[in-house]
Each structure stands twice: as C-alpha cells, then as structure tokens.
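Undergrad: Below is one structure. I have some questions about it.
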Amino acid sequence: MFARGETIVQLMERLAPKHYAVPDDKIGLQVGTVAKEVKRVLVTLDITPEVVREAAELGAELIIAHHAVIYRPLAHLRTDTPAGALAASLLRSDIAVYISHTNLDTTEGGINDWMAEALELNGRDVLEEVHTDQLYKLVVFVPETHHEQVRNAIFAAGGGWIGNYSHCSFNIEGTGTFLAREGTDPFVGKHGQLTEAKEIRLETIVPMSVRKKVVASMLKAHPYEEVAYDLYSSDLKGRSFGLGRVGKLSEAEPLDQFAERVKRALDVPFVRVVGDGAKPIRKVAVLGGSGARYIRHAIFAGADALVTGDIDFHSAQDALAAGIAIVDPGHHAEKIMKPNVAAWLSERLKEAGYTTEVFASQVDTEPFRLK
C-alpha cells in the first residue's frame, strides 16, 4: 500500500512542524499536488534541473527539499527563464515539491542537531530561540476503573512533561454526577436517573506541539460517551526551539585540528578558517546555512568557534577582532539533511505499513568549485 502525498506531508510536519519556521519563510507545498498516491519520494537540499531529471528517472512523484524552489516572488511564469523552465519541467513530470526549511533547522533532531552530532558536541543548547512550546493544563474526569488507562494514554502521546521530568500529574478522588437523557449510551447508570460515579480528577501538562495528539489519545482511551475535560493556558515555560546549537567537544583541540574535524564530519572538500590555528577550541556553536549574523550570538554563548556558512569579509574581520574563531564549511554543508530525512521518513512510512520508497538525492548541487 502506497502512502498518499497528504500523509507524507503530515509525517514531515511531525518531524519539522510548520510553526517552528521563522516568519515569512517559504515552506510547504510549492509545486503540484499531494492529493495522490506516492510510490517514491526524493529528498534533496536544492532543486536544480539535474535533480528534477533524477526524480523523473527514479519515478518519484514527490520531492522534499530544504531550499525553496520558489523563493522570490514570480512576476510571471515564462518557460524561457530558468525559474519558469524549472517549474514547467516539474509540472510536465507531475512531480510535487514540498519545502521544509527553517522549521527543519529549528526542530529537535533536525539539521542543526545532525551537524552538532557529526561534530560530536555534547551538552547541546539552542543558539537563538525561535519558538517556545506553550504549555497547557489538561484537566479530565475519569472513572476510577479507567484512570490508569487514560493517564497512560496521555503520557504515551507526549503529555505530562515539565522540564526534564516526565509522567507529571495530580490526581484527586471525587464524585461525578450526570443524568443520561434520551439518545445517550451511558457507560454507567441508567436513562432518566441521576447517577453518581466515583471519578478521578486527573490534571497534567500538555505542550501545544502535541495538544491535538494528546486530546485524541485521551478521548480514545476514555470510556465515557461524552468526556468532561478542560484545557487552560499555563504560565509555565515549555521547551525552547531555535536556530543553531551550542555544545562542547570532549576535549579542547587546536583550531586547525578542529577545522579538519569539520571537513571530515560534514563531508566537504575545504573550509575557510578565521583565527589563530593554535587557538584551543572546546565550546562550539554550529548553524547550518548562512550564519554571519549569528556571530554575536555565539560570542554571547561563550563559544570558542562558530561553524557556519557564507561568512563575508567584514564579518570575518569582526569575528577576528572579537576573538571568536570561524570555520566556514559553506552553505552546502546542509546536505547532511538528505540521508537523515530520507532515513527518518522511510522508517515512519514502514511503521505505518506503507510501501512508499524514499531516496536521498545523489546529485551534487554545490555551485562552487576550487581551481
């Protein structure tokens, strides 16, 4: 059984929720339709004519990319322009394009975490907060016989977390009353009679990111036809999600040695380095893509070095004067997303019983060459 495109999008938005993206980012479905069965998916960093040809030869009906195929507004769709020709080739081949950009950068287990893991950074934290998961207080009244069943369903769906503490709840015994009217099917009691039932008032915390999932799981596990529950916004701060990561190497190493580590870990042919090659590097900030404007964030975080792409001349001078090292592996280092997204999505599809295949693009979309 092949997954429909809508299902694949839902899975991608589980990995990288759309509300994690920075404002005005160009994400989501950009070309074609996902209202169809998808036998094969191609995951790529960029969409170029070569990638479209690869997808067509593969028989892929959907491309998942990190960088938008439509980034700047199009005044027209002329096939004698590069952008128009690219869109036309996608439409001719009936290949849809879905973009997961800064939401994939921001999410836990996304690009910045993959880069930090590749560099073997420990004790990671967010470099710049983009989104904080709002917390809600969930209150539900459950018959004593099903209290544990409902509570476990809430926990399994992601409820009950406060900081690094899981399975957090408060439970009070009490008596619930109701009168079953005509057309109802009460779990306990009889029609037309006031019923008193021993119930538990179950309270717990639910993050916004899993609110719908938790409520759905709670309702499924609850035996009542009509479930009495409330959701209240809370002043408690949930988990923070953001761009970049900051962590530490197990041991300090000279900048030049660390630069070699970056080359190997991110599989790039060269890096540009700012700073004294003998400078000891222990605390490292990493940010996929263009990170020149995050130099001050890395300095504030106490990083010895920032690993990021697209560093310009004046930003390099500013970093050198400020005493923070820079290792620039280029924007294309984000290609680390291809095998990781493909593996994650393939596993989720298999778990759901789908036979849709997911492939990581083999096309090198790095536009620069060394001479």
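The values are calculated or read from the model by the stated rules, or taken from the named source; none is laboratory data. None of the values given here were measured: they were computed from a predicted structure. Note: ideal-geometry Cβ built from the backbone for every residue, glycine included; neighbour counts use all protein chains shown.
Undergrad: Go through the stretch 224-243 and count every residue that is in a strand (DSSP E or B), in contact (Cβ under 8 Å) with a residue 12 or more places away in the chain and out of contact with any His (no Cβ under 6 Å at 6 or more places or on another chain).
TA: Counting residues in the stretch 224-243 that are in a strand (DSSP E or B), in contact (Cβ under 8 Å) with a residue 12 or more places away in the chain and out of contact with any His (no Cβ under 6 Å at 6 or more places or on another chain) gives 13.
Undergrad: Restricting to the stretch 57-96, what's the tally of residues that are surrounded by fewer than 17 Cβ atoms within 10 Å (Cβ to Cβ), among the β-branched types (Val, Ile, Thr) and either in contact (Cβ under 8 Å) with a residue 12 or more places away in the chain or within 26 Å of LEU15 (Cα to Cα) (or both)?
TA: Of the residues in the stretch 57-96, 1 are surrounded by fewer than 17 Cβ atoms within 10 Å (Cβ to Cβ), among the β-branched types (Val, Ile, Thr) and either in contact (Cβ under 8 Å) with a residue 12 or more places away in the chain or within 26 Å of LEU15 (Cα to Cα) (or both).
Undergrad: Going by the structure shown, is VAL126 touching a Phe, Trp or Tyr at 6+ places or on another chain (Cβ under 8 Å) and farther than 19 Å from ARG14 by Cβ?
TA: yes
Undergrad: Tell me, which strands (runs of 3 or more DSSP E) lie completely within the stretch 1-120 with 2 or more residues that are touching a Phe, Trp or Tyr at 6+ places or on another chain (Cβ under 8 Å)?
TA: It comes to 28-31, 40-44, 62-65.
Per-residue answers, yes or no, for (1) farther than 30 Å from LEU11 by Cβ; (2) free of Cβ contacts under 8 Å to residues at least 24 places away in the same chain; (3) crowded, with 18+ Cβ neighbours inside 10 Å:
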| position | (1), (2), (3) |
| --- | --- |
| ILE281 | yes, no, yes |
| GLY288 | no, no, yes |
| ALA292 | yes, yes, yes |
| GLN317 | yes, yes, no |
| LEU320 | yes, no, no |
| VAL327 | yes, no, yes |
| ILE336 | no, no, yes |
| THR356 | no, no, yes |
| PHE368 | yes, no, no |
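Undergrad: Okay, next question. Quick one: ARG296 ticks every box in (1) within 20 Å of GLU108 (Cβ to Cβ); (2) among the basic types (Lys, Arg); (3) over 23 Å from the mean Cα position of the chain (by Cα) except a single one, so which number is it?
TA: (1)
Undergrad: I would also like to ask the following. Hey, ASP310 hits all of (1) under 19 Å from PRO367 (Cα atoms); (2) crowded, with 24+ Cβ neighbours inside 10 Å but one; which does it fall short on?
TA: It is condition (2) that ASP310 fails.
Undergrad: Return the only residue of ALA216, ALA298 being out of contact with any strand residue (DSSP E or B) (no Cβ under 8 Å at 6 or more places or on another chain), outside the structural domain of TYR20 (by TED's automatic domain parsing) and modelled with pLDDT of 95 or more.
TA: ALA216
Undergrad: If you don't mind, there's one more thing I want to ask. Considering only the stretch 167-181, state which residues are out of contact with any strand residue (DSSP E or B) (no Cβ under 7 Å at 6 or more places or on another chain) and at pLDDT below 95.
TA: Within the stretch 167-181, ARG181 is the sole residue that qualifies.
Undergrad: Which members of the stretch 154-197 meet the condition of being small (Gly, Ala, Ser) and in contact (Cβ under 8 Å) with a residue 60 or more places away in the chain?
TA: ALA156, ALA157, listed by residue number.
Undergrad: Which residues, taken from the stretch 115-140, are of a type in the set (A, V, I, L, M, F, W, C), crowded, with 18+ Cβ neighbours inside 10 Å and over 20 Å from the mean Cα position of the chain (by Cα)?
TA: LEU138, VAL140, listed by residue number.
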